[in-house]
Amino acid sequence: MARAYDFPTDLLTAQEDLHQVAHTLAALHDRLPWSVEPHPGFSDPERWRPRQRPATDGWTEEDQAEVRQLRARQRELSITVVTHPFWQTLEGPDLVTARMMLKHVNDAPAA
């Protein structure tokens, strides 16, 4: 049976914020054009795995700024989670297990 950890509230909050930022960033990338810069597009039908991309005007300045802001927040939160003093209370396999459990602490239980 897995050990239960009493994660500090600020660590739990930082981890949840990190999940939210990652989700927001992924959703933003899903809606943005495939290329940051304007590109005429291409088609590569001769490759072993054919691929093609349509022409694009690239990302707007606002899109680029939003991505930069989200990435900066993601780095900040990652540093907060990784360097939190709570981790100094654990060692060895316990430390690894606790880090993995923190990532999934808010997951819905399996039905």
Can you give me the % of accessible surface on the chain that is carbon or sulfur? Probe 1.4 Å, all protein chains present, nothing else counted. 55 percent
Pick from Arg47, Arg71, Arg99: which is most flexible by mean-square fluctuation in a GNM of the chain where alpha carbon atoms under 10 Å apart are linked? Arg47
Give me the 1.4 Å probe accessible area per residue for region 57-111, excluding ligands and nucleic acids, in Å². 72 Å²
Compute the helix-to-body angle for 61-82: its Cα long axis versus the longest principal axis of the chain, expressed 0 to 90° and rounded to tens. 20 degrees
Which value, in debye to the nearest 20, describes the size of the charge dipole of the chain about its Cα centre when Lys and Arg Cβ atoms bear +1, Asp and Glu Cβ atoms bear -1, and nothing else is charged? 380 debye
Which longest run of the chain has no exposed loop site in it, a site being GluC sites (Glu not before Pro) in a DSSP loop with at most 16 other beta carbons within 10 Å, and the site itself not part of the run? 1-45
Pick from Gln69, Gln52, Gln20: which residue has the top mean-square fluctuation in a GNM of the chain where Cα pairs under 10 Å get a spring? Gln52
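The values are calculated or read from the model by the stated rules, or taken from the named source; none is laboratory data. Predicted model, so just to flag it, every value in this text is computed and none were measured. Note: ideal-geometry Cβ built from the backbone for every residue, glycine included; neighbour counts use all protein chains shown. The protein model used for the area step is the full one, side chains on, heavy atoms only, and it has no ligands, DNA or RNA in it. Shrake-Rupley method; radii C 1.70, N 1.55, O 1.52, S 1.80 Å.
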